[in-house]
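Visitor: Below is a structure I'd like to ask you about.
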Amino acid sequence: MAIIRNKGTELRKVLADELRSMMEENRNIIYMEADLGGALGTGDLFSDFPGQAVNVGIMEANMVGAAAGMSVKGKIPFVHSFGTFASRRCADQAFLSGCYNGANVRILGSDPGISAEANGGTHMPLEDMAIYRAFPGMTVLDIAEPNLFRYALRETAKRYGMFYLRFPRKQRDAYYNTESFEIGKANVLRAGKDVTIAASGIEVTEALKAAEELKREGIEAEVIDVFTVKPIDEECICASAVKTGAVVTAENHNVIGGLGSAVAEVLAEHVPCPMKRVGVGDRFGEVGDLNYLSEQFGLTKESIIQAAKEVMDRKN
């Protein structure tokens, strides 16, 4: 997979632009927002598409229930709120009206984990993937790259089912120069033979930085973007683990129930090997900017490097 490193389009602009384009192409596509149009840059959609875009106010649970009902009548809803509200606050509606009812809804949870920054612990979803991974039939995506995000929005609109897509509004690091993606398939961004680093979301950039530094020390790390956390790409993870014999996961989420847990489940059943999870410990979030929070919660490239060396020592 060829990699580029530059500043692309902010994900919130990607969302607004793609929604506009898709809604023009297909009148069945509906956008529902929990009073965050200003924060997301989607405010103009409500006036430009009065029959397709609805601001439901701060009523996330009602929004998901209404979207599920609309979907069974042929509509294709996208619904958005901050990740903490798009998960915890409307979990029951997503489970019953959505998954249990066989509905067709794309739940967008913005600013996951520490990317909530100044909004602090009350707005910092560190458990949203754990919640939705447990829902039967739910597809869980963790994306922080504009080209991949653009693909995911359009691809989920073509598929019937329940989706949870977490993304940081202001992230814009671009590391793909391809549009060859597939939901359910991980992407090997960098080949290596000594240790596997499986990352998702904002931690993919940190994993790539860590791999570059490890290379200077003679360590070849394989970096995998596991943007689909459920269903997880068992084949890719197992193949890499067989090759390297040591695995590190990196996620902007509690280490309980997210990417690290998903990868550990795969390895325990198929390729037992030394493994270390980089992520947030069993704690709540706090206020701060991204750099400060990354240090506080151990989500830096240095944390990944340390974990990589630890699993390699255990392997050897």
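Visitor: Is it the case that the range 265-277 has a residue that's crowded, with 16+ Cβ neighbours inside 10 Å, part of a strand (DSSP E or B) and of a type in the set (A, V, I, L, M)?
Guide: Taking the range 265-277 as the starting set, the residues that turn out to be crowded, with 16+ Cβ neighbours inside 10 Å are 266-267, 271, 273-277.
If we keep only those that are part of a strand (DSSP E or B) too, we end up with 275-277.
Going one step further and asking which of them are of a type in the set (A, V, I, L, M), we end up with 275.
Yes, the range 265-277 has at least one match.
Visitor: Any residue in the range 30-52 that's aromatic (F, W, Y): show its pairings with residues that are not in a strand (DSSP E or B) at Cβ separation under 6 Å, as long as the two are six or more apart or on different chains.
Guide: From residues that are aromatic (F, W, Y), the pairs are Y31/L19; Y31/L45; F49/M23.
Visitor: Then there's this: Can you work out which of the residues in the range 301-316 that are in contact with a strand residue (DSSP E or B) (Cβ under 9 Å, 6 or more places away or on another chain) and farther than 14 Å from L214 by Cβ is modelled with the highest pLDDT?
Guide: That would be R314.
Visitor: All but one of (1) within 19 Å of the chain's Cα centre (by Cα); (2) not in a loop (DSSP other than H, G, I, E, B) hold for T9, so report the exception by its number.
Guide: For T9, the exception is condition (2).
Visitor: Just the residues that are touching a His at 6+ places or on another chain (Cβ under 9 Å) and assigned to a helix (DSSP H, G or I), please, taken from the range 70-100.
Guide: G83, T84, F85, A86
Visitor: Checking C238 against (1) hydrophobic (A, V, I, L, M, F, W, C); (2) within 13 Å of E203 (Cα to Cα); (3) surrounded by fewer than 22 Cβ atoms within 10 Å (Cβ to Cβ), which single condition isn't satisfied?
Guide: It fails just one condition, (2).
Visitor: Taking the residues in the range 46-71 that are under 25 Å from the mean Cα position of the chain (by Cα) and small (G, A, S) as candidates, determine which candidate is surrounded by the most Cβ atoms within 10 Å (Cβ to Cβ).
Guide: Selected residue: A67.
Visitor: Exactly one condition in (1) within 15 Å of the chain's Cα centre (by Cα); (2) in the same structural domain as R88 (by TED's automatic domain parsing) is false for F135; which is it?
Guide: (1)
Visitor: Grab the strands (runs of 3 or more DSSP E) fully contained in the range 158-227, keeping just those with 1 or more residues being free of Cβ contacts under 8 Å to residues at least 40 places away in the same chain and buried (at least 19 other Cβ atoms within 10 Å of the Cβ).
Guide: Output list reads 221-225.
Visitor: Can you say whether A246 is small (G, A, S), buried (at least 22 other Cβ atoms within 10 Å of the Cβ) and over 30 Å from G121 (Cα atoms), as far as the supplied structure shows?
Guide: So A246 fits the description; yes.
Visitor: Is there a residue in the range 10-25 that is out of contact with any helix residue (DSSP H, G or I) (no Cβ under 8 Å at 6 or more places or on another chain) and closer than 24 Å to V204 by Cβ?
Guide: yes
Visitor: A further question on this structure: If a residue has to be touching a Ser or Thr at 6+ places or on another chain (Cβ under 7 Å) and among the basic types (K, R) to count, how many in the range 79-111 make the cut?
Guide: Count: 1.
The values are calculated or read from the model by the stated rules, or taken from the named source; none is laboratory data. Keep in mind that this is a model prediction, so the values were computed, not measured. Methodologically, a virtual Cβ is constructed for each residue, glycine included, from the backbone with ideal geometry; neighbour enumeration extends over all protein chains shown.
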